[in-house]
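Notes follow the structure.
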Amino acid sequence: MRYFKTSILLIFLIILILGCSTNHNDQDSTTSELTNEINNNEKNKENSTEETDSINEEHVDHFINDIDINDDASLAVLVNKERSLSENYEPEDLVPVEVPTVLENPEVNQLRKEAADALKNMFEHAAEEGIYLNARSGYRSYQTQVSLFDSYVSQHGEEAANLFSAKPGHSEHQTGLAMDVTSESVDYQLTEKFGETKEGKWLYDHAHQFGFIIRYPENMEHITGYTYEPWHLRYLGVDLATKVKESGLTYEEFLAKEGIIHEVHQ
């Protein structure tokens, strides 16, 4: 009887040992499967991130490649002392701006449709924050620029006039994408003091969100060719304006950085 009990006990121990071994193997198998699943998930995440980065890089490349600075009608057209518009260029989609204006001349109260809509949107958002802006001078034809530049030359001499006014064909205003903006705080004038006002500071911080840049920043005359104009806004579209703003560069420097132009000096 004692031997029988001993045998039963041995059989029970063997079964118990085999059971533990099986559970241990099952646990090892489960652990291995979980580890493989985690590793696969990590690899999938890495691949997904790489694919996303690749897509983003391709998007940026396509975006940069699509920038056309030579077409007079392009939103990205580069106009400065070296690059001019055609004498007979006039935008086909000029419309009156629907914002508070300063001058009565209907010509200068126009912009291209997309820029005019963006300007209205920007003025409305500014007003919601207690910032009240006025449009002073937008589109100017080639002939209007002839008269304006000649007037400045007669008053100040050509060398001085070149620092704050563009020769005919070299003015961004002819694109229909530029607007001089002012406010009551500077008596609706165009002055560097505008940059120190709450209106000027708001534009500096927010204009790019609506597709505009401050085209002639402070202390960049050697690049842009013009003295500081905190009032001169140039429409590029939200994507491009944001990239220029975030770069901290002038438009010329940004284009050079992207390899679109090779020289930035005037």
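Give me, ordered by chain and number, the residues 5 or more places off Asp180 or on other chains with an amide H under 5 Å from its own placed amide H.
Long-range HN contacts for Asp180: Arg136, Ser137, Gly138, Leu233.
Pulled fully out, how much extra length does the chain show between Tyr132 and Gln209, if you take 0.36 nm times their separation in residues and subtract their Cα-Cα distance?
26.0 nm
For a paramagnetic label modelled at 7 Å from the Cα of Lys198 toward its Cβ, which residues of region 105-133 fall within the zone defined by backbone nitrogen distances under 20 Å?
In region 105-133, the label zone of Lys198 (backbone N under 20 Å from the point 7 Å along Cα→Cβ) covers 122-133.
Once fully extended, how much extra length lies between Gln189 and Asn65, figured as 0.36 nm per residue of separation less the alpha-carbon to alpha-carbon distance? Could the numbers behind the result be given before it?
Working: separation 124, 0.36 × 124 = 44.64 nm, distance 3.85 nm.
That pair, Gln189 and Asn65, stretches by 40.8 nm at full extension.
At a 1.4 Å probe, what is the % contribution of carbon and sulfur to the accessible area of region 141-219? Mind dumping the intermediate values first?
Values: 1680 of 3710 Å².
C and S fraction of accessible area: 45 percent.
If I stretch the segment between Thr227 and Asp150 completely, what's the gain in nm (0.36 nm per residue apart, minus their alpha carbon distance), one decimal?
On the way: separation 77, 0.36 × 77 = 27.72 nm, distance 1.87 nm.
The span from Thr227 to Asp150 would gain 25.8 nm if fully extended.
Is the shape of region 139-266 rounded, prolate or oblate, going by the alpha carbon gyration tensor and its root eigenvalues a ≥ b ≥ c, with a/c under 1.5 for rounded and a/b larger than b/c for prolate?
On the way: a/c = 1.66, a/b = 1.18, b/c = 1.41.
It comes out oblate by the Cα gyration axes.
Can you give the accessible area of Lys120 in Å² (nearest 10), computed on protein heavy atoms with a 1.4 Å probe?
The accessible area comes out at roughly 70 Å².
Give, as ranges by residue number, the residues of region 189-204 whose backbone N falls under 11 Å from the point 7 Å along Cα→Cβ of Phe164.
Residues 190-193 qualify, since their backbone N sits under 11 Å from the label point.
Counting other Cβ atoms within 10 Å, which GluC sites (Glu not before Pro) in region 97-190 have at most 11 and lie in a DSSP loop?
Working: sites: Glu98, Glu104, Glu107, Glu114, Glu124, Glu128, Glu129, Glu158, Glu159, Glu172, Glu184; in loops: Glu98, Glu104, Glu129.
Listed in order of number, the matching sites are Glu104, Glu129.
Return a whole-number percent for the relative contact order of region 62-194, with Cα pairs under 8 Å and 6 or more residues apart as the contact set. If you can, show how the numbers build up before the last one.
On the way: 201 pairs, mean separation 36.6, N = 133.
It comes to 28 percent, rounded to a whole number.
Report in % the part of the accessible area of region 72-140 that belongs to carbon and sulfur, leaving out ligands and nucleic acids; probe 1.4 Å.
On the way: 1490 of 3460 Å².
Here carbon and sulfur together make up 43 percent of the probe-accessible area.
Say the cut-off is 29 Å between C-alpha atoms; which of Lys120/Lys257; Lys198/Lys257; Lys113/Lys243; Lys167/Lys193; Lys198/Lys243 go over it?
Values: Lys120/Lys257 31 Å; Lys198/Lys257 31 Å; Lys113/Lys243 22 Å; Lys167/Lys193 25 Å; Lys198/Lys243 24 Å.
Where the Cα-Cα span goes over 29 Å, the pairs concerned are Lys120/Lys257; Lys198/Lys257.
The values are calculated or read from the model by the stated rules, or taken from the named source; none is laboratory data. Just so we're clear, the structure is a prediction, and the values are computed from it rather than from any experiment. Glycine also receives a Cβ, built like all others from the backbone with ideal geometry; neighbour counts cover every protein chain displayed. We work out accessible area using only protein heavy atoms, side chains counted, and drop any ligands, DNA or RNA first. Shrake-Rupley method; radii C 1.70, N 1.55, O 1.52, S 1.80 Å.
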